[in-house]
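Shown next, in structure tokens, is the structure this report addresses.
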Amino acid sequence: MSLFKVYVDGALFYHPNLSKLAITEAQIQEDAENIDSLKLSAPFNHPYLTSIKPMASVIVCKKGTDIVFEGRALDDGSDFYNTHSWTCESCLAYLKDTIQPPFSYKGTLKGLLEYFISIHNKNVEEQKRFTIGNVTVKDDNNYISYSNSEYSCTMDAIKNKLINTHGGYLQVRYTSTGKYLDYLADFTTKSVQTVEFGKNLLNVKITKDHTERVTALIPLGAKKTETNEEGTEVETDERIDITSVNNGKNYVCDEAAIKEIGWIWTSEIWDDVTLPGNLLRKANARLSDLVKGITSIELTIVDESDAGADIGDIRARMYVECISEPHGIHGTYLCVSRTRDYLNPSGNTITIGASGVTLTAASAKQNKNIAALEDDILGQTSKIESISGKVDTINAQKMYHTELVVDGVSIFKDKGQSSRMHCKVFSWDKDITDTLEAESFIWHRKSSNEAADAEWDNAHRGIKTIIITTEDVQDNASFYCEIIL
């Protein structure tokens with residue numbers, strides 16, 4: 001089983017087998033359409049709390065030898081028990097650190113991305129630089145013409161001039177030679193695992209957002225050009241439309257949807273489309289998605305790799321076969337986001353589908369790639385069979401977390417006050433506190449008097465519930481419970 005570890009500026013910050021380097025939270029949110037994030041927390045007695053410098057330190061999470069997160073902390077906070085927490089953003093956010101000056105570009109789509117990244121790399125330190133990797137997004141004419149008279153951050157420039165007009169996804173990929181930035185029309189990795197009702201699927205949440213539904217779309221293309229008195233071709237404020245190829249109408253609509261919910265209008269701009277026929281085709285394809293609104297399906301799963309199975313884990317940006325007949329789910333879908341708690345795997349979720357389109361539409365698009373993806377997992381059937389029954393053993397594995405409960409005040413302001421404190425212990429989401437012997441509960445106090453703390457600790461061993469009074473606190477103190485199993 002691959003171990004999960006955390007490094008700060010190259011130094012080990014967390015290892016599951018080193019009690020001194022313990023942490024209390026490590027939850028990574030992967031998002032195919034946005035910047036990944038990490039929630040990291042560590043107790044007050046962690047020896048390297050001060051080593052994390054927000055916006056400066058490089059935080060790397062690894063599972064085995066694979067990098068599952070690289071980025072930086074945005075903040076540093078602490079709670080009543082002096083547990084320190086950081087919200088972190090992935091290295092893709094480095095593209096927000098640089099500015100693209102006004103430009104005028106004509107050429108290939110890949111060339112524009114290379115131009116943006118070259119400007120970025122010139123203005124940041126080595127750690128924040130990217131090498132252009134695979135670019136599979138295509139332009140129909142293999143030629144684009146863009147300009148911008150204002151300054152904009154690199155991430156916004158890429159979104160506005162590439163992703164918003166041509167679609168696709170950004171992906172950071174790590175190799176032995178460095179960090180690569182891919183711009184992909186679609187992802188090409190399929191998980192060996194299958195998410196299946198009655199096997200490793202714990203919960204299903206289907207959300208259908210009808211507020212985003214549209215029944216009529218006005219498409220606009222590139223700005224028209226004209227020749228001025230000096231014979232120079234200049235750009236006008238008027239854009240290409242579809243009236244010449246659509247019976248004089250500048251819009252497309254869905255009659256069935258109009259009968260159902262009425263006229264709901266929107267417009268979209270395709271800056272790279274110069275032919276009315278191409279614009280009409282894009283508009284019809286886009287409207288077929290917009291009339292259905294947004295559907296997302298969130299699945300709470302058990303990742304078989306967390307159970308010790310020798311198998312790749314499920315990640316955002318890969319395809320996953322999902323089967324749940326009671327919910328009408330049966331197919332191979334893109335995992336657009338993934339929430340993974342490396343300390344408490346029972347809460348792991350994946351979201352299948354795609355933002356802005358229905359699951360059905362996403363499936364239709366994704367099925368085009370399934371045949372090619374199947375080749376990538378040929379020969380792995382034996383691996384799948386070898387882990388059969390692994391998930392059945394998960395409940396037998398001890399994946400614990402605790403919850404400290406205080407009955408009474410948390411801050412003593414007057415003499416004679418007291419509070420009752422007890423620690424709940426969970427195996428997965430099941431409360432097993434009552435099944436444990438009192439000897440398993442070891443209470444600790446942290447104050448400015450280490451000798452008195454040691455004496456207090458010895459007096460509170462093997463007690464499930466303790467009473468804290470103003471005499472225990474004196475000046476300032478915090479309390480926590482250690483569970484010995």
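The values are calculated or read from the model by the stated rules, or taken from the named source; none is laboratory data. Source: prediction; values computed, not measured. So basically every Cβ, Gly included, is an ideal-geometry build from the backbone, and we count neighbours across all protein chains shown. Heads up: the accessible areas ignore ligands, DNA and RNA and are worked out on the full protein's heavy atoms, side chains in. Shrake-Rupley method; radii C 1.70, N 1.55, O 1.52, S 1.80 Å.
Summary table
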| read-out | value |
| --- | --- |
| Listing of strands (runs of 3 or more DSSP E) fully contained in segment 391-459 that carry 2 or more residues being out of contact with any helix residue (DSSP H, G or I) (no Cβ under 9 Å at 6 or more places or on another chain) and at pLDDT below 80 | 400-407 |
| Meets criteria (farther than 19 Å from residue 317 by Cα, hydroxyl-bearing (Ser, Thr, Tyr), out of contact with any His (no Cβ under 9 Å at 6 or more places or on another chain) and surrounded by fewer than 16 Cβ atoms within 10 Å (Cβ to Cβ)) for residue 147 | yes |
| Among the residues listed as 162, 170, the single one being over 19 Å from residue 335 (Cβ atoms) and crowded, with 20+ Cβ neighbours inside 10 Å | 162 |
| Residues (hydroxyl-bearing (Ser, Thr, Tyr), part of a strand (DSSP E or B) and closer than 16 Å to residue 34 by Cα) located in segment 122-175 | 169 |
| Single unsatisfied condition, residue 93 versus (1) touching a Lys or Arg at 6+ places or on another chain (Cβ under 8 Å); (2) open to solvent by 10 Å² or more (accessible area, probe 1.4 Å) | (2) |
| Those residues of segment 311-335 which are part of a strand (DSSP E or B) and among the small types (Gly, Ala, Ser), in sequence order | 324, 331 |
| Qualifying residue in segment 24-44 (condition: of a type in the set (Lys, Arg) and farther than 23 Å from residue 402 by Cβ) | no |
| Strands (runs of 3 or more DSSP E) (entirely within segment 1-76) containing at least 2 residues that are basic (Lys, Arg) and under 22 Å from the mean Cα position of the chain (by Cα) | 59-63 |
| Whichever residue in segment 137-157 is among the aliphatic types (A, V, I, L, M) and touching a Phe, Trp or Tyr at 6+ places or on another chain (Cβ under 6 Å) and, among such residues, is nearest to residue 276 (Cα to Cα) | 137 |
| Contacts under 6 angstrom Cβ, first residue in segment 78-92 being at negative phi and among the aromatic types (Phe, Trp, Tyr), partner part of a loop (DSSP other than H, G, I, E, B) and surrounded by fewer than 16 Cβ atoms within 10 Å (Cβ to Cβ), 6 or more apart | 80/410; 86/76 |
| Selection status of residue 453, charged (D, E, K, R), farther than 18 Å from residue 43 by Cβ and open to solvent by less than 90 Å² (accessible area, probe 1.4 Å) | no |
| Qualifying residues in segment 43-73 (those that are among the aliphatic types (A, V, I, L, M) and without any contact (Cβ under 8 Å) to a residue 40 or more places away in the chain) - the one most open to solvent (accessible area, probe 1.4 Å) | 55 |
| Odd one out for residue 255, checked against (1) without any contact (Cβ under 8 Å) to a residue 12 or more places away in the chain; (2) open to solvent by less than 80 Å² (accessible area, probe 1.4 Å) | (2) |
| Members of segment 96-134 that are closer than 19 Å to residue 271 by Cβ, open to solvent by less than 40 Å² (accessible area, probe 1.4 Å) and without any contact (Cβ under 8 Å) to a residue 24 or more places away in the chain | 111 |
| Among the candidates 370, 329, 377, 269, residue that is at pLDDT below 75, more than 17 Å from the chain's Cα centre (by Cα) and either open to solvent by less than 30 Å² (accessible area, probe 1.4 Å) or closer than 24 Å to residue 161 by Cα (or both) | 370 |
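Okay, residues lined up against (1) under 28 Å from residue 426 (Cα atoms); (2) over 43 Å from the mean Cα position of the chain (by Cα):
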| site | (1), (2) |
| --- | --- |
| 450 | no, no |
| 462 | yes, no |
| 467 | yes, no |
| 470 | no, yes |
| 480 | yes, no |
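Let's see how each residue does on (1) farther than 23 Å from residue 263 by Cβ; (2) in contact with a Pro (Cβ under 7 Å, 6 or more places away or on another chain); (3) open to solvent by 80 Å² or more (accessible area, probe 1.4 Å):
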{"site": "192", "(1), (2), (3)": "yes, no, no"}
{"site": "199", "(1), (2), (3)": "yes, no, yes"}
{"site": "204", "(1), (2), (3)": "yes, no, no"}
{"site": "214", "(1), (2), (3)": "no, no, no"}
{"site": "223", "(1), (2), (3)": "yes, no, no"}
{"site": "231", "(1), (2), (3)": "yes, no, no"}
{"site": "244", "(1), (2), (3)": "yes, yes, yes"}
{"site": "250", "(1), (2), (3)": "no, no, no"}
